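The values are calculated or read from the model by the stated rules, or taken from the named source; none is laboratory data. Nothing here was measured: the structure is a model prediction, and the numbers come from that model. For neighbour counting, all protein chains shown are included, and Cβ atoms are generated from backbone atoms with ideal geometry for every residue, glycine included.
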Amino acid sequence: MYDLKPMKREDFEFFRVRPFNFPTIRIAQLVALVHKHSTMFSRLIKMDDINSIYHFFSLELDDFWKEHYTFDTVRKKRDRSVSKYLINSLIINVIVPLKFVFMEEKGYPDIERLLYILDQVEIERNAIISKFSEIRTFKKSALSSQALIELKTNYCDHSKCLKCAIGNHILKKEA
């Protein structure tokens, strides 16, 4: 019907990936998520509370995956639940943008509601945020980190320091 072709093992990247991020584990987590929430999209669209989103992603994987990273090798039994870090990343990069597009398509984009969700999520940990944190203290939320990434992309990367309040502040300190 859909002309889907099975993927080969070599299509998946295992090299330089931590075992709990192996594609096999992520697929098992996705299967558990779909099994737990048959109406996944509509439920996610309605969620406004960060705790309900975290609860949505609390999954119990099949016992097989508690002892395996791949199909063929048994490992020490471990928890394979979706990490808070991954859930935060999904909220920032998938759920909030998806909600925005859906709301805009329906004609009622509620930006404040989406900003509220981002403000509840912990700040991302990456090189961009680390550099900005050396310069100044910011609110520790994904809303701040997304703003800083946007600043870097649109100002720092294009040498528009004089058009940026933070850039001006840094230049004045150095002068």
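For this structure, a couple of remarks:
- Filtering the stretch 123-132 for residues that are modelled with pLDDT of 80 or more, among the acidic types (D, E) and in contact with a Ser or Thr (Cβ under 7 Å, 6 or more places away or on another chain) leaves a non-empty set.
- The C-beta contact set for the stretch 53-64 (first residue assigned to a loop (DSSP other than H, G, I, E, B), second residue of a type in the set (D, E, K, R), distance under 6 angstrom, 6+ apart or interchain) comprises L61/R80.
- Verdict on S42 being outside any helix (DSSP H, G or I), assigned by TED's automatic domain parsing to the domain that holds L90 and at pLDDT below 85: no
- Hits in the stretch 47-59 - residues which are out of contact with any helix residue (DSSP H, G or I) (no Cβ under 7 Å at 6 or more places or on another chain) and at pLDDT below 85: S58
- Qualifying residue in the stretch 17-27 (condition: modelled with pLDDT of 85 or more and within 16 Å of the chain's Cα centre (by Cα)): no
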